[in-house]
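A short write-up of the structure that comes next.
Every number here is computed from the coordinates shown, using simple stated rules; none is lab data. Model, not experiment: these values are computed from the prediction. A quick note on method: Cβ atoms are made from the backbone with ideal geometry, for glycine too, and the neighbour counts reach across all protein chains shown.
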Amino acid sequence: MKIRKLIQSIAIALSTSLLITACSDNISSTQGDDFNSGNDNDGGPSSFNESALLSHLTNNIITPTFLDFEVTANQLNESVNQYCTIEKQFNAGNATQQERDNQLLETRDIWRQSMVKWQRIEVMQLGPLVENQNLLRNKIYSWPVTSTCAVDQDIVFFNQGNINGEDYNIANRVATRRGLDALEYLLFNTNLNHSCSETTAPQGWEGLSDNTKREQRCEFATEVANDIANNTQILLDAWSGENGYANSLLNAADQPGSDFNNVHEAVNRVSDAMFYIDSFTKDAKLAKPLGVFENSCQQNICPENLESQHAQHSLENIHSNLLALKALFTGEVTTHETTTGFDDYLIEEGASLTANNLRTAIDAAIADVEAYQATLKESLENNDVQVRDTHQKVKTITDQLKTDFINQLALELPATSAGDND
């Protein structure tokens, strides 16, 4: 696609420029209160090149992740349309149930692939994904703020073509009625009843035949999938180009017109994104269903609070979050020899122990998730000790991120993690 080639050419050009600059420009970091406490250097300023870190993470990890998701989002859009075409052909007697079911299974599999890739982006929320209170991010994926009733209502609004006398336009609808979470409900939920109360029930739904309900759901699914693809393109446009956020990261410096006061501030924004592991992966995806925090079950075990209620994709999401964290922390990527990551920054600051401890903790959490033999819902219901152990392993990571990591690199905690003692 043209936009992909454009982004890749920009990334290569900017990367080359930064590598040339890196040979003559050493970036010094400022010391925090506990900077280098107990480590093996003299506590002086570091010669670590933060611009090289930003260059590698932006060009070789974050931008390729965004581009990879775009490819799958477009495949998902196409597959949903194919499924709905066959659904309607089946209703008209021009396709078999097996053909319909096979296409649905294929579409569900592409949704899973899309979610795996999106969950990596969740740990890379920067610039356009955090602006306007995460508005664009929420249009693509709004969990934990979701509403299946809102989706049920919009199925009817979309199929009748209007709402309150105005033409229906999904671009004007709130996040809970669209995105990957809405599409999960439409593709994986086999219960054809609506999920609303009597007072909020979608008008006329109960009187429809099962075939018509499936057809109307798939029609709306095509609209949701197209909306996801459109918003993904908006993300790429805002990320790439001369005025894109990627360029802001690559050119962060003490100069007029920069989006950052200095390179260290830009590094801090990437660090902020990594703390998704704390507030979402650890707290929302594990602690809340476990009852560590207030939940829908009076702080008891609560599968109802798990992510991915219909596709049962919770473990895969957590696994993808952890892999994204590892990529940002270590800078390791199979498509590039350079591996400049935050661990290198720590080592340069004399904090090798913290670098090693964090790498070990991240690998342990990844191995723990990969060892599951059941879904997270089944494990929560039948073996909550295993889930508690997973929570503890992720907490081992976040405890170090919130203390040694930020102190030794003179970084600031994001507001979402400040004051969190869990």
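What whole-number volume per residue, in cubic angstrom, does the convex hull of the C-alpha atoms of the range 135-183 give?
Numbers: hull volume 3.3 nm³, N = 49.
Roughly 67 Å³ of hull volume per residue.
Counting only DSSP H runs of at least 4 residues, each contributing -39500 (n - 2.57), and dividing by the residue count of the chain, the helix-based mean residue ellipticity at 222 nm comes to -18000 deg cm²/dmol.
Share of Cα-Cα pairs in the range 36-172 beyond 22 Å, in percent? That tail contains 62 percent of the Cα-Cα pairs. Taking every Cα-Cα distance in the range 302-422 and sorting them into 5 Å bins from zero, the calculated P(r) comes out as 2, 10, 18, 20, 19, 14, 10, 6, 2, 0 percent.
Grab the Cα-Cα distance for Gln203 and Ser258, subtract it from 0.36 nm times how many residues apart they are, and report the gain in nm with one decimal.
Values: separation 55, 0.36 × 55 = 19.80 nm, distance 5.23 nm.
Separation in residues times 0.36 nm, less the Cα-Cα distance, equals 14.6 nm.
The three principal axes of the Cα atoms in the range 180-335 give end-to-end lengths of 65, 39, 35 Å, sorted in falling order.
Annotation: Cα Rg of the chain relative to the compact-globule expectation 2.2 N^0.38 Å equals 1.06.
Here the range 258-313 and the range 185-247 have alpha carbon centers that stand 24 Å from each other.
Subtracting the Cα-Cα distance from 0.36 nm times the residue separation, let me have the gained length for Asp237 to Glu370 in nm, one decimal. Show your work: numbers first, answer last.
On the way: separation 133, 0.36 × 133 = 47.88 nm, distance 3.48 nm.
Here the segment from Asp237 to Glu370 would lengthen by 44.4 nm.
Report the semi-axes of the equivalent ellipsoid for the range 258-320 in whole Å, largest first, where each axis is √(5λ) for an eigenvalue λ of the Cα gyration tensor. Present the calculation step by step, with values, prior to reporting the outcome.
Numbers: eigenvalues 205, 38, 12 Å².
Whole-Å semi-axes of the equivalent ellipsoid: 32, 14, 8.
Between Gln299 and Thr360, take the C-beta separation as r, use R0 = 30 Å, and let me know the FRET efficiency to the nearest 0.05. Each step should come with its number before you reach the end.
Numbers: r = 31 Å, r/R0 = 1.04.
Given R0 = 30 Å and the Cβ-Cβ separation, E is 0.45.
Between Asn191, Asn295, Asn74, the residue with the greatest mean-square fluctuation in the GNM of the chain (Cα pairs under 10 Å linked by springs) is Asn191. Seen against the Cα atoms of the chain and their longest principal axis, helix 210-239 is set at about 20 degrees. Using the alpha carbons alone, the radius of gyration of the range 121-209 stands to its Kirkwood radius in an Rg to Rh ratio of 1.02.
Going down the table (Lys139/Lys285; Lys117/Lys139; Lys213/Lys285; Lys326/Lys402; Lys139/Lys402), which pairs top 23 Å between alpha carbons?
Working: Lys139/Lys285 20 Å; Lys117/Lys139 16 Å; Lys213/Lys285 32 Å; Lys326/Lys402 16 Å; Lys139/Lys402 29 Å.
Distance filter (> 23 Å) returns Lys213/Lys285; Lys139/Lys402.
In sequence order, the range 359-365 has phi-based couplings of 4, 5, 5, 5, 4, 5, 5 Hz under the Karplus curve 6.51 cos²θ - 1.76 cosθ + 1.60, θ = phi - 60°, and Gly or Pro positions carry x.
Reducing the range 42-113 and the range 125-159 to their Cα centroids gives an inter-centroid distance of 17 Å. Over all orientations, the range 225-282 has a Cα convex hull whose mean projected area works out to 5.2 square nanometres. Computed from Cα atoms, the angle from the helix 97-121 axis to the main principal axis of the chain rounds to 20 degrees. Helix 63-91 and the long axis of the chain differ in direction by around 10°, with both axes built from C-alpha atoms. Straight Cα distances below 15 angstrom link Lys393 to the aspartates and glutamates Asp278, Asp283, Asp363, Asp368, Glu370, Asp384, Asp422, with same-chain residues fewer than 8 positions distant left out. Measuring how big the range 50-127 is from its alpha-carbon positions, Rg and Dmax come out at 17.8, 63 Å.
Given 0.36 nm per residue, what is the gain on full extension from Thr334 to Gln75 after removing their alpha carbon distance, in nm?
On the way: separation 259, 0.36 × 259 = 93.24 nm, distance 2.35 nm.
The Thr334-Gln75 span can extend by a further 90.9 nm.
Residues whose amide H lies under 5 Å from that of Ile163, counting only those 5 or more places away or on a different chain, are Tyr168; hydrogens are built 1.01 Å from N in the peptide plane. A DSSP coil position with no more than 14 other Cβ atoms inside 10 Å describes the following GluC sites (Glu not before Pro) in the range 212-265: Glu242.
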